[in-house]
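Below: the structure, in structure tokens.
The values are calculated or read from the model by the stated rules, or taken from the named source; none is laboratory data. As the structure is a computational prediction, the values presented were derived from the model and not from experiment. Note: ideal-geometry Cβ built from the backbone for every residue, glycine included; neighbour counts use all protein chains shown. Heavy atoms of the whole protein, side chains included, go into the accessibility calculation; ligands, DNA and RNA do not. Shrake-Rupley method; radii C 1.70, N 1.55, O 1.52, S 1.80 Å.
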Amino acid sequence: MKQNGFYAQSGGVTAVINASACAVLETARKHSDRIGKIYAGRNGIIGALTEDMIDTSLESDEAIAALRHTPGGAFGSARYKLKGLDENRAEYERLIEVFKAHDIGYFFYNGGGDSMDTAHKVSQLGSELGFPVTCVGIPKTVDNDLPVTDNCPGFGSVAKYVAVSTMEATLDVASMAKTSTRVFILEVMGRHAGWIAAAGGLAGKDPGSAPHIILFPEVPFDQPRFLARVHASVDRYEYCVVVVSEGLRHPDGRFVAEAGGQDAFGHAQLGGVASNVARLVKAELGLKYHYALADYLQRSARHIASAVDVRHAYAVGQKAVELALEGHTAIMTTIVRESDDPYRWSIGHVPLDQVANQEKMMPREFITEDGFGITEACRRYLEPLIVGEDYPPYLDGLPRYGGLGNIAVSPRLA
Ligand code: F6P
């Protein structure tokens with residue numbers, strides 16, 4: 001008897017997470033002799049807990065295909081942490097109860113490290129309660145901080161956006177430096193890991209080219225050294241371009257800019273580091289500045305997505321369904337790099353317990369000795385991930401993004 005599947009998006013969305021959703025739905029449709037309907041969680045896992053699921057079988061093939069080029073999370077994503085099994089068994093039991101009521105035997109969870117932990121626990125409890133669920137994680141996070149997988153879908157597109165924006169803003173400030181702005185600062189996401197900030201380094205290769213300074217979360221912020229570097233850059237090139245990670249920390253470990261509050265995973269909400277750094281530059285060096293927060297613009301910029309990233313996102317979703325149908329469970333699909341140049345890759349998989357609740361930081365050998373730039377090794381790693389364009393269709397000058405009906409599955413439980 002074929003069973004149904006459940007797909008949910010989790011955590012911060014990306015420009016390509018819907019390409020993974022598209023792959024899951026299209027692949028499941030191809031194997032409709034072996035897998036039933038795919039239900040999607042409205043607002044991620046919350047949709048399963050509240051039995052508020054979307055029947056994707058009611059969407060046309062065209063609407064599903066359009067997900068491939070549509071940013072955001074098509075069914076809604078959530079920052080919602082299911083706690084440990086011991087503390088919170090009832091919530092996991094509820095999940096299994098909903099799965100049982102709708103004959104859901106496959107769980108595809110599209111998220112980061114915290115979500116892989118949830119998928120792992122669901123796979124454990126399902127078997128324990130006599131309703132085994134095939135659980136497959138699909139990696140996603142712009143932060144690029146999942147271990148084992150070479151990179152995380154979503155990251156390549158943010159990396160491209162940040163590299164291109166750094167390049168373009170540099171041309172602007174370079175034009176104005178003689179009489180106006182001397183320092184431009186771009187704040188990027190990445191929370192505890194500096195992968196996105198590193199991508200700013202792709203904007204220039206030659207010695208002296210911008211960005212002149214990258215501030216990584218992995219390198220404690222040394223104010224005097226930073227100011228001396230800004231001063232030297234302005235002296236030599238007339239201007240200075242800085243890319244700063246939202247996760248920059250003081251030497252004592254405090255974030256330079258904590259926006260206040262925490263999400264459900266206990267992560268501090270970050271934001272505003274660029275304005276702190278800019279004010280410091282003005283106060284100490286008296287230089288005119290502009291700064292920008294790439295914020296949601298960077299992770300939703302589907303119009304400039306990396307073609308490689310879109311392919312990765314689709315492939316990890318497609319393989320998730322194929323592996324589930326082959327009987328694999330409690331795994332996450334991964335991107336395996338086979339060579340840098342030419343860039344060759346394939347899709348592999350890893351047990352969920354090896355990726356759950358972990359964060360992969362930038363290795364020290366990817367950051368230059370002075371702590372302000374990226375090395376050749378880092379460049380070799382990053383370059384293939386931003387290659388190629390995958391433009392959405394345009395109409396009247398605007399991208400034609402897709403939209404779904406998102407019709408609810410009738411509840412069967414109280
Ligand atoms: O999920 C990754 C991320 O984009 C981080 O880089 C960022 O700090 C965070 O999400 C922002 O989360 P939210 O959109 O929930 O405020």
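In region 239-263, the qualifying residues are those that are in a strand (DSSP E or B) and surrounded by fewer than 12 Cβ atoms within 10 Å (Cβ to Cβ), and the one that is modelled with the highest pLDDT is 262.
With the requirement that a residue be open to solvent by 10 Å² or more (accessible area, probe 1.4 Å) and of a type in the set (Val, Ile, Thr), what does region 145-172 give you?
Within region 145-172, 148, 164, 170 meet the criteria.
Considering the conditions (1) in contact with a helix residue (DSSP H, G or I) (Cβ under 7 Å, 6 or more places away or on another chain); (2) over 20 Å from residue 149 (Cα atoms); (3) not in a helix (DSSP H, G or I), residue 362 is excluded by exactly one of them, (2). Screening 189, 176 for residues that are within 16 Å of the ligand (Cβ to nearest atom) and open to solvent by 10 Å² or more (accessible area, probe 1.4 Å) leaves exactly one candidate, 189. Kindly check whether there is at least one residue in region 282-291 that is at positive phi and part of a helix (DSSP H, G or I). No, region 282-291 contains no residue that is at positive phi and part of a helix (DSSP H, G or I). Could you check region 4-57 and list, in sequence order, the residues that are within 16 Å of the ligand (Cβ to nearest atom) and part of a strand (DSSP E or B)? Listed by number, the residues that qualify are 8, 9, 10.
On the basis of being surrounded by fewer than 20 Cβ atoms within 10 Å (Cβ to Cβ), at pLDDT below 95 and outside the structural domain of residue 116 (by TED's automatic domain parsing), does residue 268 make the cut? For residue 268, the condition - surrounded by fewer than 20 Cβ atoms within 10 Å (Cβ to Cβ), at pLDDT below 95 and outside the structural domain of residue 116 (by TED's automatic domain parsing) - is met. Once region 312-326 is narrowed to residues that are among the charged types (D, E, K, R) and either in contact with a Ser or Thr (Cβ under 8 Å, 6 or more places away or on another chain) or in contact (Cβ under 8 Å) with a residue 24 or more places away in the chain (or both), the residue that is farthest from residue 398 (Cα to Cα) is 322. Go through the residues of region 339-348 one by one and say whether even a single one is farther than 21 Å from residue 193 by Cα, surrounded by 23 or more Cβ atoms within 10 Å (Cβ to Cβ) and outside the structural domain of residue 246 (by TED's automatic domain parsing). The answer is no; no qualifying residue exists.
Please verify whether region 116-133 includes one or more residues that are open to solvent by 10 Å² or more (accessible area, probe 1.4 Å), polar (S, T, N, Q) and either within 12 Å of the ligand (Cβ to nearest atom) or more than 29 Å from residue 91 (Cα to Cα) (or both). No, region 116-133 contains no residue that is open to solvent by 10 Å² or more (accessible area, probe 1.4 Å), polar (S, T, N, Q) and either within 12 Å of the ligand (Cβ to nearest atom) or more than 29 Å from residue 91 (Cα to Cα) (or both). Within region 365-414, if we keep just the residues that are surrounded by 13 or more Cβ atoms within 10 Å (Cβ to Cβ) and of a type in the set (Asp, Glu), the residue that is nearest to residue 145 (Cα to Cα) turns out to be 383.
Check whether at least one residue in region 279-293 is touching a Leu at 6+ places or on another chain (Cβ under 8 Å), open to solvent by less than 30 Å² (accessible area, probe 1.4 Å) and among the small types (Gly, Ala, Ser), and report yes or no. No, because not a single residue in region 279-293 is touching a Leu at 6+ places or on another chain (Cβ under 8 Å), open to solvent by less than 30 Å² (accessible area, probe 1.4 Å) and among the small types (Gly, Ala, Ser). Name the residues in region 199-225 that are hydrophobic (A, V, I, L, M, F, W, C), within 18 Å of residue 295 (Cβ to Cβ) and either within 14 Å of the ligand (Cβ to nearest atom) or open to solvent by 10 Å² or more (accessible area, probe 1.4 Å) (or both), would you? Once the filter is applied, which keeps residues that are hydrophobic (A, V, I, L, M, F, W, C), within 18 Å of residue 295 (Cβ to Cβ) and either within 14 Å of the ligand (Cβ to nearest atom) or open to solvent by 10 Å² or more (accessible area, probe 1.4 Å) (or both), region 199-225 yields only 199. Selection within region 58-91: residues that are more than 16 Å from the ligand (Cβ to nearest atom) and within 23 Å of residue 298 (Cβ to Cβ). The member of this set that is farthest from the chain's Cα centre (by Cα) is 66.
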